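The block underneath contains the structure these notes are about, expressed in structure tokens.
The values are calculated or read from the model by the stated rules, or taken from the named source; none is laboratory data. As the structure is a computational prediction, the values presented were derived from the model and not from experiment. Note that each Cβ is placed from the backbone with ideal geometry, even for glycine, and that neighbours are counted across all protein chains shown.
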Amino acid sequence: MRFVVTAGPTREYLDAVRFLSNPSTGKMGFAVAAAAAGRGHETVLIAGPVNLPTPKGVKRIDVVSARDMLKAVHASLTGDSVLVATAAVADFRPKVCSKRKLHKAEIARQIELVPNPDILKTANARFKVGFAAETDAVEASAAAKCRAKGLRLIVANDVTRPGAGFAADTNIASFVSPDGTTEKLPLMTKRRLAAKLVERIESWS
Ligand code: C5P
């Protein structure tokens, strides 16, 4: 199969040096790409700014903003690809971005934001898999997202639980289907979770 995986945060610049972002480290997406390539699948990894080595056998494309990531995903996807979106894409970006560093006095106290495109929702792929970090009503909101974005599966996790979430090496996740069917998984390394996910995707082909 052919895998396209998004990973890491995006940065949405306000001027030459200031940006909106989030603490995503890219670990989950890099683990998915490593697992897919390790099992012999052609794998493209589209990564926001992260500090991780490229997994063996993976073609990596580095991007900065959500719009860059969207372009790279569209350029990399073929109709028979599987898209696994683990990236923590910034939902909004500043409406205006200055090419130079603004002086403190020039920065407005209210910054106008505009929505970023939803990369996963607008992508065309054979199978789409999303990730959902939630803090409440985890499974119900994940199933709703799965339907809204046309996904085959969403990996949901409660980021308030110890051992789950952004910088951790482990995750506590559930595989949630569009109809709400949920498989709760125990605490495991992101590497193990990635392997399980790739095996699940292989079972669909
Ligand atoms: O709607 P929410 O951001 O919770 O959805 C999370 C899923 O959608 C993740 O798989 C994420 O990578 C993807 N996503 C995306 N583009 C966005 C927002 C989210 O691909 N702009």
inquiry  = Suppose we keep only residues that are surrounded by 14 or more Cβ atoms within 10 Å (Cβ to Cβ) and not in a strand (DSSP E or B) within region 122-133. Which one would you say is farthest from the ligand (Cβ to nearest atom)?
reply    = Arg126
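Results for (1) polar (S, T, N, Q); (2) within 21 Å of Phe166 (Cβ to Cβ), shown as yes or no for each residue.
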{"site": "Tyr13", "(1), (2)": "no, no"}
{"site": "Ala16", "(1), (2)": "no, no"}
{"site": "Ser21", "(1), (2)": "yes, yes"}
{"site": "Gly26", "(1), (2)": "no, yes"}
{"site": "Ala31", "(1), (2)": "no, yes"}
{"site": "Gly38", "(1), (2)": "no, no"}
{"site": "His41", "(1), (2)": "no, no"}
{"site": "Val44", "(1), (2)": "no, no"}
{"site": "Gly48", "(1), (2)": "no, yes"}
inquiry  = Given the criteria within 27 Å of Ala195 (Cα to Cα), assigned to a loop (DSSP other than H, G, I, E, B), away from the ligand (no atom under 14 Å from the Cβ) and modelled with pLDDT under 95, does Gly79 qualify?
reply    = yes
request  = Go through (1) at pLDDT below 95; (2) over 18 Å from Ala16 (Cβ atoms) and name the single condition Ala108 misses.
outcome  = (2)
query = Which members of region 161-205 meet the condition of being part of a helix (DSSP H, G or I) and either among the aromatic types (Phe, Trp, Tyr) or within 16 Å of the chain's Cα centre (by Cα) (or both)?
reply = Lys190, Arg191, Leu193, Ala194, Leu197, Val198
query = Going by the structure shown, is Ala75 surrounded by fewer than 14 Cβ atoms within 10 Å (Cβ to Cβ), farther than 21 Å from Pro9 by Cβ and without any contact (Cβ under 8 Å) to a residue 40 or more places away in the chain?
reply = no
request  = Answer yes if at least one residue in region 42-51 is over 20 Å from Ala194 (Cβ atoms), among the hydrophobic types (A, V, I, L, M, F, W, C) and within 16 Å of the ligand (Cβ to nearest atom), and no otherwise.
outcome  = no
message = Filter region 134-155 down to the residues that are modelled with pLDDT under 95, within 19 Å of Pro9 (Cα to Cα) and either away from the ligand (no atom under 12 Å from the Cβ) or crowded, with 21+ Cβ neighbours inside 10 Å (or both) and list them by number.
response = none
inquiry  = I'd like to know if region 89-100 contains one or more residues that are closer than 19 Å to Ala194 by Cα, within 14 Å of the ligand (Cβ to nearest atom), out of contact with any helix residue (DSSP H, G or I) (no Cβ under 8 Å at 6 or more places or on another chain) and not in a loop (DSSP other than H, G, I, E, B).
reply    = no
ask   = What number goes with the only condition from (1) more than 12 Å from the ligand (Cβ to nearest atom); (2) buried (at least 18 other Cβ atoms within 10 Å of the Cβ) that Ile119 does not pass?
value = (1)
remark   = Among the residues of region 92-109, the number that are closer than 20 Å to Met69 by Cα and over 31 Å from the mean Cα position of the chain (by Cα) is 0
ask   = What are the residues in region 49-87 that are of a type in the set (Val, Ile, Thr) and farther than 28 Å from Val114 by Cα, if any?
value = Thr54, Val58, Thr78, Val82
note = A careful count of residues in region 32-70 that are in contact with a Pro (Cβ under 9 Å, 6 or more places away or on another chain), within 11 Å of Ala7 (Cβ to Cβ) and part of a strand (DSSP E or B) gives 2
note = Checked Ala144, Ala133 against criteria (farther than 25 Å from Met1 by Cα and free of Cβ contacts under 8 Å to residues at least 24 places away in the same chain); the one match is Ala144
task = Report yes if some residue within region 93-113 is surrounded by fewer than 22 Cβ atoms within 10 Å (Cβ to Cβ) and within 20 Å of Met1 (Cα to Cα); otherwise report no.
result = no
